[in-house]
Amino acid sequence: MKKKALASIAEVDRRSIAAFLERVWSQDGLADRTLEAYRLDLQALAGWLAARGRTLDSARREDISAYHGAQAGAVRSIARRQSAFRRYYACVLRDRPGFADPTLLIERPRLPRSLPKALAEREIEGLLDAPDIGTPLGLRDRAMLELMYACGLRVSELVELPLAALNARQGVLRVTGKGGKDRLVPVGEVALQRIAAYLASARPALAKGRQPAALFLSNRGAGMSRQMFWTLVKRHALTAGIHARRISPHVLRHSFATHLLNHGADLRALQMLLGHSSLSTTQIYTLVAKEGLKRLHAQHHPRG
C-alpha cells in the first residue's frame, strides 16, 4: 500500500483512539496506567490493520481473530488485549447503532484462578518488627509497613500519600485510589503511634529543612517510589526469615483483607476499606479464608 494511504489510515485511527481514551477517562475515571495500556494495545492493532488496508472501525471479526493468532503472549496478556478491544468497539457501537462489533463472537481466554497470597499473622508481626527503629530510615520503614497493613493500602496509594492525608486526631486516612476516587480509612492505634514517632524525628531529618508534600520521604528528602518500597519490603522480609518468593508489597494488602475476614469482618465493610468498585472483587478473599480453614483442619483434625 502506498505511504500516503497508510498515513491517512494511521491518522484516522490516531484520532479514534484519542477520542476513545478521552471518553473512558471522563466517564469512568480510569487510572493513567490503564489508559496507557489501552492506548498501546489499540495502537498495535491499528498498525497491524493498516498494513492490510483497514482502519480500526472497518475491522472484521476475522481480522481481530487473525491478529490474536499472530501475537505471542501469556493468557493474561491476551485477555488484557481483548478487554481493550471490546471496550473500544463497545464505544463505537454506542455511537453507531447497527455497527458490527468484530469482537462480539471471539472466545475469551480462560484465566487461571489465582488466590491472593497472605502471610500468617505471626509472619506479619515478624515483618513489622524487622526495621531498626533506632534510625530515621528504620522509623520510616516501620511506619510505612504498619500503615499499609493497618489500612490495606495499595502500594501506589501508600507512596503517594500527602502529609495532609492523615488526620491523627480522628484516626483516619484520606486515600486516593484507582480512578481518583477518595475513601476514608480508619488507622489503628499502633500505626498511629508509629507514624507519630516517624513525624516527630525521622521525617524532619529526612526533609533536611525543606517542606515536601509527601508523607513518607526517601533519604534524599523526596517522596518514595513504588520501587523503593518494594526494595525495603524485600530487605525486611529477609531479616524476618520470610522467603523472598512469598513476599511483595501487595502481600500486606492481601494479609490485611484475609486477617480481617478471619476475625469476622463484614464483606461489604471490607469492600469499602479496600476501595473495590465491585463486591465480586472483594469476594475472592472469602476463598482465601476457606482455603486457610481447610489447611488448618487437615493439619490438626485427627481424621483430617
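Which order do the peptides 220-232, 147-159 come out in when sorted by mean C-beta neighbours inside 10 angstrom, highest first?
Numbers: 220-232: 14.9, 147-159: 22.4.
For the peptides 220-232, 147-159, the packing ranking is 147-159, 220-232.
Quick one: length gained pulling His263 to Ala207 fully straight, 0.36 nm per residue minus the C-alpha distance? Could the numbers behind the result be given before it?
Values: separation 56, 0.36 × 56 = 20.16 nm, distance 3.90 nm.
The span from His263 to Ala207 would gain 16.3 nm if fully extended.
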Scoring the stretch 121-300 by relative contact order with C-alpha pairs under 8 Å, at least six apart, yields a percentage of 24 percent
Taking a crude spin-label model, label points 7 Å out from Cα along the C-beta direction, the Ala66 to Leu93 distance in nm is 2.3 nm
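Go through the stretch 71-111 and name the chymotrypsin sites (Phe, Trp or Tyr not before Pro) that are in a DSSP coil and have 16 or fewer other Cβ atoms within 10 Å of their Cβ. Walk me through the intermediate numbers first.
Values: sites: Phe85, Tyr88, Tyr89, Phe99; in loops: Phe99.
Here the chymotrypsin sites (Phe, Trp or Tyr not before Pro) that fit, given the DSSP loop and packing criteria, are Phe99.
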Filtered hits (aspartates and glutamates, Cα-Cα < 12 Å from Lys117, offset >= 8 within chain) -> Glu291
When Leu217, Leu163 are ranked with the fewest other C-beta atoms within 10 Å first, the list becomes Leu163, Leu217
Percent of all Cα-Cα pairs per 5 Å bin for the stretch 121-300, counting from 0 up to the last occupied bin, reads 1, 8, 16, 20, 20, 16, 10, 5, 2, 1, 0, 0
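Fewest to most neighbouring Cβ within 10 Å: what's the order for Asp129, Asp13?
On the way: Asp129 13, Asp13 21.
Placing the least packed residue first, the sequence is Asp129, Asp13.
Please go through the stretch 20-81 and write out the trypsin sites (Lys or Arg not before Pro) that DSSP classes as loop and that have at most 13 other C-beta atoms within 10 Å.
Numbers: sites: Arg23, Arg33, Arg39, Arg52, Arg54, Arg60, Arg61, Arg76, Arg80, Arg81; in loops: Arg52, Arg54, Arg60.
In loop regions of the stretch 20-81 (DSSP not H, G, I, E or B), the sparsely surrounded trypsin sites (Lys or Arg not before Pro) are Arg52, Arg60.
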A correct fewest-to-most ranking of Lys208, Lys234 by other Cβ atoms within 10 Å would be Lys208, Lys234
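The numbers here are math on the coordinates, done by the rules we state, and not lab data. Bear in mind the structure is a predicted one, so any value in this text is a computation, not a measurement. Neighbour counts are summed over all protein chains in view; Cβ atoms, including those assigned to glycine, are modelled from backbone coordinates with ideal geometry.
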